[in-house]
1. If you take every DSSP beta bridge whose two residues both sit in segment 110-258, what share of them, in percent to the nearest 5, is antiparallel?
2. Using +1 on the beta carbon of Lys and Arg, -1 on that of Asp and Glu, and nothing else charged, what's the dipole of the chain about the Cα centre, debye to 20?
3. Would you please give the residues with an amide H less than 5 Å from that of ALA511, counting only those at least 5 places away or on a separate chain, with H modeled from the backbone geometry?
4. For segment 553-567, in order, what is each residue's ³J(HN,Hα) by Karplus, 6.51 cos²θ - 1.76 cosθ + 1.60 with θ = phi - 60°, in whole Hz (x at glycine and Pro)?
5. Restricting to bridges with both residues inside the chain, how much of the DSSP beta-bridge set is antiparallel, in percent to the nearest 5?
6. Net charge within 13 Å of VAL579 by Cβ-Cβ distance, Lys/Arg positive one each and Asp/Glu negative one each, not counting VAL579 itself?
7. Run the quick spin-label model on SER590 and SER477: label points 7 Å from Cα toward the beta carbon, then report their separation in nm to one decimal.
8. Any lysines with Cα under 21 Å of the LYS478 Cα? List them, leaving off those in the same chain fewer than 8 positions away.
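The values are calculated or read from the model by the stated rules, or taken from the named source; none is laboratory data. In this text the structure is predicted, and so the values were computed from the model without any measurement. When we count neighbours, we look across all protein chains shown, and the Cβ atoms used for this are built from the backbone with ideal geometry, even at glycine. Note: areas computed on protein heavy atoms with side chains; ligands, DNA, RNA excluded. Shrake-Rupley method; radii C 1.70, N 1.55, O 1.52, S 1.80 Å.
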Amino acid sequence: MKRKIHKMAGIFLSVCIAAGSITLPRVVSSAAGDTQTELSDKEDTQVQERKENSFRYKDGQPIDMPALYADEYEYAWEKVDGYYRNNVGAIIEGATRKGIDVSHHQQQIDWEKVKADGIDFAILRCGYGGDYEDYDDDWWEYNVSECERLGIPYGVYLYSYSVNTADAVSEAEHTLRLLEGHQPTYPVYYDLEDDTTASVDNATIGQIAKTYCDMISEAGYEVGIYANYNWWTTRLTDPVFDNSGWSKWVARYNPTCGYEKPYDMWQCTNEGSVDGINGNVDLNFWMTDPIDQIQNRVSVSAHVQTYGWMPDVTDGKQAGVIGKRMEALKIRLLNQEYEGDIQYRTHVQTYGWLDWAKNGELAGTEGESKRVEAVELKLTGQLAENFDLYYRAYVQGYGWLGWAKNGESSGSSGYSRQMEAIQVKMVPKNSEAPGSINNAYLDKNALASVAYQPHVQTYGWVSEVSDGAIGGVTGESKRMEALKIRLARQEYDGDIEYKAHVQTYGWLDWAKNGELAGTEGESKRVEAVQIRLTGDMAANYDVYYRTHVQTYGWLDWAKNGQPAGTTGMSKRIEAVQVVLVKKGLPAPGSTKEPCLEQQ
């Protein structure tokens, strides 16, 4: 499927730019949802100033919104006799933890005083809008470093100005850039409230939210949505907001929240008072859903290169550190109400599969600098009868793989690739998987394998990778200039053929079996690719591929000769992934939008 983007406005802007009369950010959006073409391969240095305008801000300044009944109870929003109380003295049913959310509006915070004042967690604004350094929150680095230094559990939010999915991609990239090296305990929230976003229809807001949340979730973070009660009931009505995997954070400045659907956090006032913070601050309560009090929960601790044993995480959160090898695991159950064990084993460098461990025992090695490459997890007894256990691995060079289930292998074998992180989630029996279940395990001894090697700006020919690994360079704004693809193993006769759509030249001729597609020494960007199998290989396998494109990030998967990337938009491909899938098996992920075309 191709998305067509009209270019008349872009032509007008290009004329203005050529005349020197206007400077624009790399993505220019309108309330109508159109996205103009990027001006060049170079990043622009000037960005439009952003100011919040919403139910609680006007031109970037907080609106004075006194809470109802604020003076009726002396200990409003504090814990009295073991229960949190609202501003009329009533118990806040379900409230288990009290937190704050902060941004540059609070300026410098004394976090030691905050921690001592009964605050259990904080939600930190990392930034706002698209992926520009000027849109980073001025106090993000300070706030996150202080929370990590003092052991204050924290989550993250980004304030959105999106009016289309291209904006959402840039805002997700912005968030992920700032999250690099950090492991929030609470979710990453998408703040939907600004008047800019309010200008589009509810279905478009749903597409915006899904685009952002899918990218954050694929990167291994728990994700959620923030909005006020009115938005939750009148604007966030698209079915995507019923996704049980998204945390809901509801703002309503009343004695009770009153939101009828399940939610995790309630922002009860913007006029809280906390020691260590000058002026007002938002107060929040983490709410315990009734099922959360009885459901079995999984706790995971990873032994990581350099860091040793990391703190336990639960409920599908990331255990491990991206970029560091995982060396061992300990997994146990919390709040167990059914008979049975959780069992697990690791595939370790040099040793292969080790024996099964259970209920908090060590699986892997300590002090040997050996990488874990794959894992298997399963439940026994009544636990296995009532729950399914899902888990997925983050593998060096491949990123997050699909979700494995109930004893299946997850990770890789034969590639000498380290596992760097894992997520584990227990769900009621026969519930939907937390995400894609495709490509959960990469086995080098599989009967068919595809290998590919990109030629990248500055670096030349980079390392050859295979079977879904990322080929190329992301995050550095480097163009791919050529590509070689071959069948590393095949159980049937046939070839792999491919061609490139190249800057200036358009579509070049088909290449095959390791030949060059694209150009060398001409500094020409590859903008799209097509890949196909022939012969008996085509009769027995599908070849899927997707591209990481300037501005848009990863597009969806193309199949068997379909174009992947962009045409007519002057956008560079930066990286590719290619995988072979047996006929009749599902695609590696979404196939909705593999190619963008400007008309």
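1. Working: 1 of 20 bridges.
The antiparallel fraction comes to roughly 5 percent.
2. Computed about the Cα centre, the dipole is about 1860 debye.
3. TYR498, LYS499
4. So the J values, rounded to whole Hz, are x, 6, 8, 7, 7, 9, 8, 6, x, 5, x, 10, x, 9, 9.
5. 75
6. 0
7. 2.6
8. LYS42, LYS499, LYS524, LYS571
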